[in-house]
Structure formats: structure tokens, C-alpha cells
1. Between a first residue in the stretch 151-173 that is within 21 Å of His195 (Cβ to Cβ) and a second residue that is basic (Lys, Arg), which pairs have beta carbons less than 6 Å apart while being 6 or more apart in sequence or on different chains?
2. Hey, could you check the stretch 50-90 for residues that are at pLDDT below 95 and open to solvent by 40 Å² or more (accessible area, probe 1.4 Å) and say which is farthest from Ala166 (Cα to Cα)?
3. So, in the stretch 192-203, exactly how many residues are farther than 14 Å from Ala219 by Cα, within 13 Å of the ligand (Cβ to nearest atom) and either open to solvent by less than 40 Å² (accessible area, probe 1.4 Å) or hydroxyl-bearing (Ser, Thr, Tyr) (or both)?
4. Give the residues of the stretch 287-308 that are in contact (Cβ under 8 Å) with a residue 60 or more places away in the chain, open to solvent by 20 Å² or more (accessible area, probe 1.4 Å) and either within 16 Å of the ligand (Cβ to nearest atom) or touching a strand residue (DSSP E or B) at 6+ places or on another chain (Cβ under 6 Å) (or both), sorted by residue number.
5. Any residue in the stretch 309-325 that's assigned by TED's automatic domain parsing to the domain that holds Gln17 and within 16 Å of the ligand (Cβ to nearest atom): show its pairings with residues that are of a type outside the set (D, E, K, R) and part of a helix (DSSP H, G or I) at Cβ separation under 8 Å, as long as the two are six or more apart or on different chains.
6. Would you point out the residue of the stretch 148-191, among those that are crowded, with 18+ Cβ neighbours inside 10 Å, of a type in the set (A, V, I, L, M) and in a loop (DSSP other than H, G, I, E, B), that is nearest to the ligand (Cβ to nearest atom)?
7. Hey, can you tell me all the residues within the stretch 9-49 that are in contact with a Phe, Trp or Tyr (Cβ under 8 Å, 6 or more places away or on another chain) and in a loop (DSSP other than H, G, I, E, B)?
8. Taking the condition within 14 Å of the ligand (Cβ to nearest atom), aliphatic (A, V, I, L, M), open to solvent by less than 20 Å² (accessible area, probe 1.4 Å) and part of a helix (DSSP H, G or I), does Leu256 pass?
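The values are calculated or read from the model by the stated rules, or taken from the named source; none is laboratory data. The shown structure was predicted, so the numbers you read here are calculated from the model rather than taken from an experiment. Cβ: placed from backbone, ideal geometry, glycine included. Neighbour counts: every protein chain shown. Areas reflect the complete protein model, heavy atoms only, side chains present, ligands, DNA and RNA absent. Shrake-Rupley method; radii C 1.70, N 1.55, O 1.52, S 1.80 Å.
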Amino acid sequence: MSIQQLQASKQGGTFSQVTAPIPKPDSHEVAIRPKAVSLNPIDWKNLHFGAMVSAWPAVLGIEGAGVVESVGSSVTSFKPGDEVMSWISRNQFNGAFQDVYTSQETWIARKPSSLSFEEATSLPIGFLTGGAAVAVGLKVALPGLSKPDSTAPQLKSILVLGASSAVGAAAVQLLRIALPSATIITTSSAAHHAHLKSLGATTCLERSAQEDASALKAASPGGTGVDAVLDAVGACGDSPAVFDALRSDGPKLYSLVLTRLGIEFPPGLQAMMVGGYDLVSKYPDAMEYLTKLLEDGKYQLPVKVEVVGKGLSAIEGNLDKVMKVSGTKLVISL
Ligand SMILES: NC(=O)c1ccc[n+]([C@@H]2O[C@H](COP(=O)([O-])OP(=O)(O)OC[C@H]3O[C@@H](n4cnc5c(N)ncnc54)[C@H](OP(=O)(O)O)[C@@H]3O)[C@@H](O)[C@H]2O)c1
């Protein structure tokens, strides 16, 4: 049996559809036939900078939702026919942009029946990465997933930078679940303030506040600064004023989602760089937790879902749009 896969020819190159053998999952993997795939910033960075590409030609795409095709010999959580959503263990010829891809069992969640495949594909990466920034970067316990860390500071105020991103909006929701009475301050363009308040933000600031430490501090309890910053978009790389939003006598936690290399932190900060992998490697039940939060009505789609095309052939023409979105996940139906 064969499938069609969309191969990027080289760094900055064009795409072509190629016939390939149907992938077989390893013992801990599941093969999934995607019904919808997401376009993510990393896909664009992989194409143009080869950010995480070991060899060309390459199949890109790291997030999808679809139907289980087959399972490896050690897989117990899924069976053929199950509807799922997943992150993907990408390698040269394994990515979301093909008829069937494989992923590790722990990187896959059951799709709630209330969600379409297009909605479901928008969820895994934002959840895992936002969750890592909360539970690993800030050591905040997520009720039902992670146990409180007795050595971690009790956070009363957190500033979330880039809160309208898929990662940032996931983090706002998870912080509100974990810390019901904390002050959560966000930055984003004004169009997203009402949505971010509905997800749990206390005070929403314009993105321009990232250049002005006094505006950031003024929004904090007592005006003295926040206990912690969760930087979903690497904002500190361009706006070092954000470091001064931290309370001088506080725990000075800075949880930075890994977006690029070369960011330097001022001395005295407890800074940690995180990626989505950090949540699932520390908490293998993380994806099951996502399904439970959704089914319990405690977690909603972090950002709007916009279906921009249908079929593998629609991916190439839409990939450039991914670096210009605002509070939106771009999705291709298959
Ligand atoms: N290491 C990992 O495992 C991992 C995983 C996932 C994502 N990432 C990275 O994390 C970043 C976010 O990913 P995503 O998928 O959540 O992105 P996204 O949803 O595509 O991000 C778009 C949003 O980011 C906001 N934004 C962009 N630059 C900003 C800045 N300097 N300050 C404040 N807001 C800014 C925009 O806000 P406004 O339009 O409201 O201004 C826009 O709403 C990307 O760089 C991505 O590559 C890393």
C-alpha cells in the first residue's frame, strides 16, 4: 500500500507530492491518517532556515488530527479507527503533511466528539508548550496532572507575554486552572483582550507595554512588579524592558518558550527555557489530561481556527501566512 507525501525539496525550496510506502509504526508508535493538519511557525522556520531538519528532501508538519490507521505492538491506549489529535515525532520523512504519519503513543490524545478534526488539530502543540511553560518553567502544579512542588514559590502574580499566540492563550487558561486567585496580566494586541479575559486574564495590556517596564509594573498588585513572567513568544529578545517587570524582592521566575537561540538573561533571574517536549517527557499523561480538560469544559480552543485550504496541495501556498497571524491557528483540511 502506498501514500502521497508532500516533500519540501531543500531549504527555501518548493514542494512536490511523492508516492511513498505506507509508514509502519514502531512498537510505541501509532500511525494516523490525518483529516486536518495545522500550519505552525516551526514549519515556516524549518522550510526557510532548516531549523529542525536533519536532511532534505523533508516532510514537514508537526501537528494533526485524524483516525488511527494502525498501532505498534506495545501500544495500549489506541486502536485502529480511534479519532485522535497529536504532536508528531518528526524526522526526514515523517511529518504531518502526508496521507499517514506516525507519532509516539504519549504524544497523542483522544479527540473529544464535540470537536471537528480542524478544531482538534489546533490544540496539541499550544497545550503541550503552554503547559510546559506553566508546569515546568514556573513549577506551577496543574491539578489532576502534576503534584505541588514544596520547593517552588507560591505565585500571586504572573505576566504572560504574547498571550494571543496559541501557546500564550493555552498558558493563560492553564494558569487560571492552577491558580484561581492569582493576578494574570497579559500582553497582546487589543483585538484579543476580551477573549483573553474569558480565558482567565485579570488585566490585558497592549503589546506596546512590553517596551515600558513602568506600564507593566503599574498593572501588578501594589504596582511593585510581578512574581513571574511567562514569555510565550520570545518577547524579551526584542524588548529587554520586560525583565524589569519582575518584583525586585520576589522569586524572579522567567519561563521562556524556546523560539530562537541567543537570548541572554540578566543576572539574578531564575530563568528556564522550555518546549512542548518538556511537558510530555515529565508527565506522560499530559495528552490524556488535555482530553479530560476539554470534556470537563475546563479548557477551550485557545485561538480562532481558520481553515485556509483543502488537500496537501493547499499547504505550500498558505505556509507564508503563518508568520503574520494574530490570535489564529491556520489549518488545512485533508
Ligand atoms: N520550543 C517549542 O517546543 C515550541 C512549540 C510551539 C511553539 N514554539 C514557538 O513559540 C512561538 C509561539 O508559537 P505559536 O504557535 O503560539 O505562535 P502564533 O500563535 O502563530 O503566534 C502569533 C501571535 O504571537 C503574538 N506575537 C508575536 N510576536 C510577539 C511579540 N514580540 N510580543 C508579543 N506578542 C507577539 C501575536 O500577537 P498580536 O497579534 O496580538 O500582537 C500573534 O497573536 C513561536 O515562535 C513558535 O515557533 C516553540
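1. The qualifying pairs are Ala166/Lys329.
2. Going through the qualifying residues, I end up with Ser54.
3. 3
4. Gln300, Leu301, Val305, Val307, Val308 - these are the residues of the stretch 287-308 that are in contact (Cβ under 8 Å) with a residue 60 or more places away in the chain, open to solvent by 20 Å² or more (accessible area, probe 1.4 Å) and either within 16 Å of the ligand (Cβ to nearest atom) or touching a strand residue (DSSP E or B) at 6+ places or on another chain (Cβ under 6 Å) (or both).
5. Leu319/Trp44; Leu319/Leu47; Asp320/Trp44; Val322/Pro41; Val322/Trp44; Met323/Pro41; Met323/Trp44
6. Ala163
7. Those that are in contact with a Phe, Trp or Tyr (Cβ under 8 Å, 6 or more places away or on another chain) and in a loop (DSSP other than H, G, I, E, B): Ser9, Lys10, Gln11, Gly13, Pro23.
8. Details: within 14 Å of the ligand (Cβ to nearest atom): yes; aliphatic (A, V, I, L, M): yes; open to solvent by less than 20 Å² (accessible area, probe 1.4 Å): yes; part of a helix (DSSP H, G or I): no.
No; evaluated as a whole, the condition is false for this residue.
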